[in-house]
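Enquirer: Once you've had a glance at the structure underneath, I'll fire off some questions.
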Amino acid sequence: MVARQQLSRGSSVAVVKVADRALVLGVSDAGVSLLADADATLFPEPPPAENPVGQALKVFRSAR
């Protein structure tokens, strides 16, 4: 999954890369719908999320 945006309590839009394609999906309690199909290069990979413990340690060390 490249990105996900919550729209309401039971619905969201997600971008998922499959091979060289990016699928834009509507996700709801009723199911999943394909909204668009695009070239995957239009959606760069997000940077990896940092471990929350690692973030806390950085804050702690900088406060010393």
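The values are calculated or read from the model by the stated rules, or taken from the named source; none is laboratory data. Keep in mind that this is a model prediction, so the values were computed, not measured. With ideal geometry, Cβ positions are generated from the backbone for all residues, glycine too; neighbour counts draw on all protein chains shown. Heads up: the accessible areas ignore ligands, DNA and RNA and are worked out on the full protein's heavy atoms, side chains in. Shrake-Rupley method; radii C 1.70, N 1.55, O 1.52, S 1.80 Å.
Enquirer: How many residues does the stretch 43-64 contain that are surrounded by fewer than 10 Cβ atoms within 10 Å (Cβ to Cβ), within 18 Å of residue 4 (Cβ to Cβ) and either of a type in the set (Gly, Ala, Ser) or modelled with pLDDT of 80 or more (or both)?
Expert: Within the stretch 43-64, residues that are surrounded by fewer than 10 Cβ atoms within 10 Å (Cβ to Cβ), within 18 Å of residue 4 (Cβ to Cβ) and either of a type in the set (Gly, Ala, Ser) or modelled with pLDDT of 80 or more (or both) number 2.
Enquirer: Moving to a separate point now. Quick check on the stretch 21-28. Is at least one of its residues under 12 Å from residue 3 (Cα atoms) and touching a helix residue (DSSP H, G or I) at 6+ places or on another chain (Cβ under 7 Å)?
Expert: Within the stretch 21-28 (the criterion being under 12 Å from residue 3 (Cα atoms) and touching a helix residue (DSSP H, G or I) at 6+ places or on another chain (Cβ under 7 Å)), the answer is yes, since at least one residue qualifies.
Enquirer: Among all residue pairs at least 6 apart or on different chains, which show Cβ distances below 6 Å where the first residue, located in the stretch 22-36, is free of Cβ contacts under 8 Å to residues at least 40 places away in the same chain and more than 18 Å from residue 9 (Cβ to Cβ) and the second is of a type in the set (Gly, Ala, Ser) and surrounded by 12 or more Cβ atoms within 10 Å (Cβ to Cβ)?
Expert: That search, which allows pairs on different chains as well, returns 22/38; 22/40; 35/26.
Enquirer: Moving to a separate point now. Please enumerate the residues belonging to the stretch 2-33 that are at negative phi, part of a loop (DSSP other than H, G, I, E, B) and open to solvent by 60 Å² or more (accessible area, probe 1.4 Å).
Expert: Selection gives 9, 20, 29, 30.
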